[in-house]
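Here is the structure we will look at.
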Amino acid sequence: MTICKKIVVTLFLMFALTATTVVNAEEAPKEAVATTTSDPEISVKSLNLMVRHMTGDELFVEADGWLDLLKEAAKKVYETKLSVQEKNEQIDALKAQDTNQTAAEEREGIKQKISVVKEEKSTILEEQTKLRAHRKTMVARLDTVLENINEKIGTDAEGKELEKVLPYRRYIDTVSGITVEVTDAQSVWTTVSGWIMSDQGGIYWLINIAKFIAIIFIAMFISKLLSRGARKALKHTPSNSQLLNDFIANIIHKIVMLIGVLVALAAMDINVAPIMAMVGAAGFVVAFALQGTLSNFASGLMIMLYRPYDIGDVVDVAGIMGTVESMTLVSTSIITPDNRMMVVPNNSIWGNIITNVTHSATRRVDMTFGIGYDDNIEQAQKVMEQILSEHPLVLKDPAPTIKVNELADSSVNFICRPWVKTADYWTVFWEVTRTVKERFDEQGISIPYPQSDLHIIGQNPATDKSKDKLSKTNYTKKSHDSLDTKEMEVDDDQ
């Protein structure tokens with residue numbers, strides 16, 4: 001009975017130990033296995049959709065799976081390279097043997113062997129081309145998974161990939177690409193022609209380049225269309241200046257072109273995310289280096305918004321007077337009256353006084369005319385009033401102003417201020433000035449010039465009273481040379 005109990009206890013313990021082992025085996029975590037590698041020829045788009053929902057840890061499992069397939073593909077490529085190298089060595093040995101042979105039959109046999117080896121080599125090279133295409137496919141799939149990993153786990157402050165991703169990238173850089181032995185003409189031709197005709201090589205890039213060019217042309221067409229539409233629409237907004245309208249149209253054109261370039265790069269299977277990250281990281285450095293340009297940029301925006309002048313206006317800015325030809329966010333181009341192009345930084349314009357000569361539709365012409373003290377004031381005023389009333393470019397409203405303004409040293413000065421259209425300013429100024437001179441001459445009205453009375457104090461004024469006083473009309477060069485300047489006294493008050 002005791003022996004039976006021992007047997008039962010032993011069997012029970014063995015059963016319990018076995019059950020525990022089975023349970024522990026069932027509870028042990030299963031090793032993660034890649035699920036997307038079941039179809040190595042899966043398209044990149046399909047693969048991208050399959051892994052979008054995965055976490056970073058799950059994506060690394062998929063990356064390991066595609067890395068194993070890439071290793072296998074790369075191994076086969078290098079095995080064919082070794083085979084090609086062996087065939088080259090055989091050919092070199094046969095050529096050396098052919099050189100040492102003198103019998104024609106033996107040399108013919110060697111040539112046949114060389115021909116056979118070359119055919120075998122050609123077959124290997126064709127196989128190598130296919131294997132390279134398969135390797136490129138694996139690289140593309142692994143790269144798709146790595147891009148998703150970067151989106152899930154992020155990059156560093158400089159936009160570079162994290163250390164966990166770099167080993168995959170380094171392996172891709174090591175095994176991808178095509179190396180050709182340039183001394184082997186057959187290998188070069190087979191490799192290049194195979195790459196050109198490959199769906200993952202020349203044809204692939206030809207299609208991508210065609211897509212890139214087509215998208216760029218479409219973007220150019222759309223940008224021009226939208227830019228023209230914006231210009232036409234903004235023309236119906238009188239509150240906007242032409243400078244602002246041109247700026248908005250140009251910005252629309254450039255934004256559409258930028259989007260077009262990014263789409264075109266994406267169509268070539270180029271990841272634009274690192275490019276954008278690099279541009280963003282470099283933005284701070286560029287902004288710091290171009291402080292002056294950014295200041296001009298800000299000034300240009302202020303000029304466009306507040307509209308102190310527009311294209312075609314005559315302005316006086318930063319010490320330069322001329323007609324505004326064009327304007328960018330950085331500078332304004334001005335054509336001077338002598339037809340010189342002056343490019344003025346916007347910061348110099350906005351930080352100083354801006355004079356817009358042609359801002360208003362009408363403008364007052366300020367002229368001053370002097371007559372002699374002996375001339376008739378009423379007569380002179382009537383002559384000027386008649387001249388202004390007869391001139392076709394002088395406006396009736398506002399009425400011209402003609403007034404005695406100053407009793408100067410040598411003349412009685414009138415202000416003559418007619419109002420004209422801005423475009424007629426210089427025409428009226430020049431014609432009225434000429435006509436006033438002609439009419440004054442006809443009416444016997446003098447236009448005096450500055451003059452002074454000279455009083456000569458002689459040593460014996462009783463003997464030579466003619467030297468007591470010399471007027472300007474009697475003062476000549478000859479009498480000046482004969483005078484003692486120490487004895488002269490100028491009295492401008494008389």
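Within the shell defined by Cβ-Cβ distances under 13 Å, the residues around F217 carry a net charge of +2, with Lys and Arg each +1 and Asp and Glu each -1.
Please state the relative contact order of the stretch 362-443 as a whole percent: Cα pairs under 8 Å, 6+ residues apart? Before the final figure, lay out each step's value.
Working: 115 pairs, mean separation 34.4, N = 82.
Relative contact order for the stretch 362-443 comes out at 42 percent.
Please sort 87-94, 121-128, 42-49 by packing, taking for each peptide the average over its residues of neighbouring beta carbons within 10 angstrom, highest first. List each step's numbers first, then the result.
Working: 87-94: 16.2, 121-128: 18.1, 42-49: 13.6.
Descending mean neighbour count gives 121-128, 87-94, 42-49.
Counted by Cβ distance under 12 Å from I445, the other residues give a net charge of -3, where Lys and Arg count +1 and Asp and Glu count -1. Each peptide in 108-116, 249-257 gets a packing score, the mean of other Cβ atoms within 10 Å over its residues, and the list from highest to lowest is 249-257, 108-116. Here, the stretch 362-443 is characterised by an Rg to Rh ratio of 0.96, where Rg is the alpha-carbon radius of gyration and Rh the Kirkwood radius.
Cβ neighbours within 10 Å, averaged per peptide: list 212-224, 305-317 in order, most packed at the top. Let's see the in-between values first.
On the way: 212-224: 15.3, 305-317: 17.7.
The packing order, highest mean first, is 305-317, 212-224.
Is the stretch 37-143 rounded, prolate or oblate when judged by the Cα gyration tensor, a ≥ b ≥ c being the square roots of its eigenvalues, rounded requiring a/c under 1.5 and prolate requiring a/b larger than b/c? Note, shape of the stretch 37-143 comes out prolate.
In which sequence would M54, M341, M268 go, from the one with the fewest C-beta neighbours within 10 Å to the one with the most? Show your work: numbers first, answer last.
On the way: M54 18, M341 11, M268 15.
Taking fewest neighbouring Cβ atoms as first place, the list is M341, M268, M54.
Relative to one another, the C-alpha centroids of the stretch 292-324 and the stretch 41-84 are positioned 59 Å apart.
Could you list T358, T422 so that the one with the fewest beta carbons within 10 Å of its beta carbon is first and the one with the most is last? Mind dumping the intermediate values first?
On the way: T358 17, T422 14.
Neighbour counts put them in this order, fewest first: T422, T358.
Sorting S410, S360 from the fewest to the most surrounding beta carbons within 10 angstrom yields S360, S410. Taking Cβ atoms as reference points and 14 Å as the exclusive limit, the residues near V261 contribute a net charge of +2, counting Lys and Arg as +1 and Asp and Glu as -1.
No value in this document is a laboratory result; all are computed from the given coordinates. Predicted, not measured: the structure shown is a model, and the values here were computed from it. FYI the Cβ positions are ideal-geometry reconstructions off the backbone, even for glycines, and counts take in every protein chain you see.
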